[in-house]
Amino acid sequence: MGAAQVLEYNIRDGKRCSRRRRRAHDLASHGVKLTVLLLLLLLSLVFCLMLQVVRAQDFNGELDPLQVGALRALGMSRIGLNACSVEPASVLTCNDNPVVQHLVTLSVQNCPPTATLSDIDFTYLSTTSLSQLSFINCNVAAPTEPPMVLMTSLLEFLLLNSLNPIPGWWLGRLHGLRNLTVVNVTVVVVEGLEVVLSNMNDLQFLTLQNANLFAPLPVKSWPANLNSIALSGSDILGTIPASLSELTHLENLDLSNNQLNGHIPSSLGELQTLQILSLAANRLTGPIPASFGNLSALQKLDLSFNSLNGTLPPALGQLRGLTDLDLRGNKLLGGAIPFPTNVLKNMKTFLVSGTNLCYDPILTSAELARGFSIPLCG
């Protein structure tokens with residue numbers, strides 16, 4: 001082999017070695033990248049697991065110590081910083097704030113005689129997260145006024161034998177309520193019931209039972225979205241306002257056991273969504289409005305123990321969904337009931353004692369009528 005050939009061979013061999021070195025370097029580089037990628041993937045997995053643990057710890061974290069103190073002042077001595085994780089949802093629930101948890105719902109029940117609710121403690125309980133609050137059998141004085149934050153955050157408020165008496169304007173400050181329930185508590189409404197309702201634009205369910213109102217029903221100020229009005233046993237005075245017919249979402253109207261007088265307004269027959277109507281135990285006079293035959297959704301009608309007169313409007317026979325009817329204790333003139341057999345057979349309750357009503361066998365099944373103790377006409 002000549003010198004030139006040796007030189008050429010060495011050059012070619014050098015190039016081959018160089019290519020091998022580059023391939024080895026590339027493989028090593030790819031190996032490093034793969035290792036880094038695997039490490040990043042592993043770190044990401046570890047981070048996710050740690051985040052889940054942290055979130056779990058946050059969810060079972062500590063309740064605001066100021067709220068714990070306020071609850072203990074109300075006699076809930078068992079309440080501790082771990083209340084959010086150990087107390088049943090029927091008593092309280094909390095948010096999942098990662099720093100410190102606050103109450104979302106709270107039901108204070110059966111307070112001891114030593115229980116107190118100071119203005120400052122009520123402020124501690126009233127955070128932006130609190131949406132449902134109830135006091136049941138808790139005989140403490142109402143705070144001076146509700147904290148401003150509750151005016152918008154609180155959606156449901158219930159008082160049962162608690163915070164008695166309570167001013168109507170106090171309740172009226174809770175502008176954001178959708179459900180207000182007050183039972184066996186005197187609501188002081190010197191200015192009228194309007195002071196409670198005038199700013200509750202989102203209210204859907206209103207219950208004031210045995211509230212000692214001694215006030216008339218508002219002519220205006222009814223929240224437009226009301227679904228239920230239950231005001232039984234609250235000493236309501238005056239007449240039934242025709243403006244109630246403007247509540248197009250109303251399904252339940254209970255004005256029983258009050259001191260209402262005058263005629264039943266025929267405009268109530270415009271309440272197409274009404275399912276339950278109770279005007280029992282008042283001082284109502286005049287006839288049963290024929291417009292009640294338009295209450296196509298009506299299921300329960302209680303007009304008992306008033307001084308209603310006249311006969312039953314034939315239009316009532318159109319109420320195919322009616323299941324319960326109570327007409328006892330009125331001054332009805334009697335006559336045949338207007339219900340055909342296919343309507344009467346759907347009724348579970350039909351109370352007519354003292355009304356002199358009877359049935360016409362041409363319209364109504366004798367067997368069904370006798371089942372409700374309704375005699376044959378003639």
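None of the figures in this text is laboratory data; all of them are computed from the coordinates on show. Everything numeric in this text was worked out from a predicted model, so none of it was measured. Reconstructed Cβ throughout: ideal geometry from the backbone, glycine too, with neighbour counts over all protein chains shown.
For the stretch 228-324, trypsin sites (Lys or Arg not before Pro) are listed when DSSP marks them as loop and at most 13 other Cβ atoms sit within 10 Å of their Cβ; the list is R320. Is the shape of the stretch 223-290 rounded, prolate or oblate, going by the alpha carbon gyration tensor and its root eigenvalues a ≥ b ≥ c, with a/c under 1.5 for rounded and a/b larger than b/c for prolate? In terms of gyration-tensor shape, oblate.
In this structure, the amide hydrogen of L308, modeled 1.01 Å from its nitrogen in the peptide plane, lies closer than 5 angstrom to those of K331, counting only residues at least 5 positions away or on a different chain.
Phi angles across the stretch 197-206 convert, under the Karplus curve 6.51 cos²θ - 1.76 cosθ + 1.60 with θ = phi - 60°, into 3J(HN,Hα) values of 9, 4, 10, 8, 5, 9, 5, 10, 10, 10 Hz, Gly and Pro given as x. Shape class for the stretch 271-378, computed from the alpha carbon gyration tensor (a ≥ b ≥ c): oblate, with a/c not under 1.5 and a/b at or below b/c. Each peptide in 172-184, 86-98 was scored by the mean count of other Cβ atoms within 10 Å over its residues; highest first, the order is 172-184, 86-98. Taking a ≥ b ≥ c as the square roots of the eigenvalues of the alpha carbon gyration tensor, the stretch 254-329 is prolate, as a/c is not under 1.5 and a/b beats b/c. Length available on full extension from V190 to V86: 0.36 nm per residue minus the Cα-Cα distance, which gives 33.1 nm.
Working note: Debye formula, equal point scatterers on the alpha-carbon atoms of the stretch 165-290, no solvent; log10 I(q)/I(0) at q = 0.09, 0.15 Å⁻¹ is -0.22, -0.63. Taking amide hydrogens as placed 1.01 Å from N in the peptide plane, the amide H of A230 sits under 5 Å from those of L206, T207, L208, D254, each at least 5 positions away in sequence or on another chain. As a rough footprinting exposure proxy, the listed residues H263, H102 were ranked by other beta carbons within 10 Å of their own, and the order from fewest upward is H263, H102.
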